[in-house]
Amino acid sequence: MSMFNKDWCCELCITVESNHPKYADARASELEAVKAGVKNYDGIGLPEDYSQWAKEQRLHLATTDEKFLLLMDGLTNED
């Protein structure tokens with residue numbers, strides 16, 4: 001599940017999301033909500049630029065991060 005909202009995400013999207021500059025803020029906010037007893041936290045919301053940022057980040061990770069590339073191949077390869 002996304003740290004920014006209640007969207008369900010695959011491992012690739014979680015990996016991309018975890019590289020966003022506001023990811024640590026989203027995690028900290030959720031932790032505080034849980035400590036306060038909130039059991040159905042909505043998240044801080046997707047950052048305004050997230051879609052374009054995520055597209056660029058996926059391309060970057062696909063060309064620079066072997067672990068990401070292997071994960072992408074494993075999730076998208078039907079063999």
* Residues located in region 35-67, provided they are in a loop (DSSP other than H, G, I, E, B) and among the β-branched types (Val, Ile, Thr) -> 38, 44
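Which residues, counting only those in region 26-50, are of a type in the set (S, T, N, Q) and without any contact (Cβ under 8 Å) to a residue 12 or more places away in the chain?
The answer is 40, and nothing else.
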* Please work out which residue is farthest from residue 21 (Cα to Cα), limiting yourself to region 42-79 and to residues that are surrounded by fewer than 16 Cβ atoms within 10 Å (Cβ to Cβ) and among the polar types (S, T, N, Q). => 77
* Structure fact -> Of the residues in region 4-25, those that are in a helix (DSSP H, G or I), in contact (Cβ under 8 Å) with a residue 24 or more places away in the chain and surrounded by 14 or more Cβ atoms within 10 Å (Cβ to Cβ) come to 12, 13, 15, 16, 17
* Name the residue, out of 51, 2, that is among the polar types (S, T, N, Q), within 23 Å of residue 71 (Cβ to Cβ) and in contact with a Cys (Cβ under 9 Å, 6 or more places away or on another chain). => 2
* Looking at (1) surrounded by fewer than 11 Cβ atoms within 10 Å (Cβ to Cβ); (2) modelled with pLDDT of 95 or more; (3) not aromatic (Phe, Trp, Tyr), which is the only condition residue 39 fails? -> (2)
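The values are calculated or read from the model by the stated rules, or taken from the named source; none is laboratory data. All values derive from a computational prediction rather than experimental measurement. Every residue, glycine among them, receives a Cβ derived from its backbone with ideal geometry; neighbour counts consider all protein chains shown.
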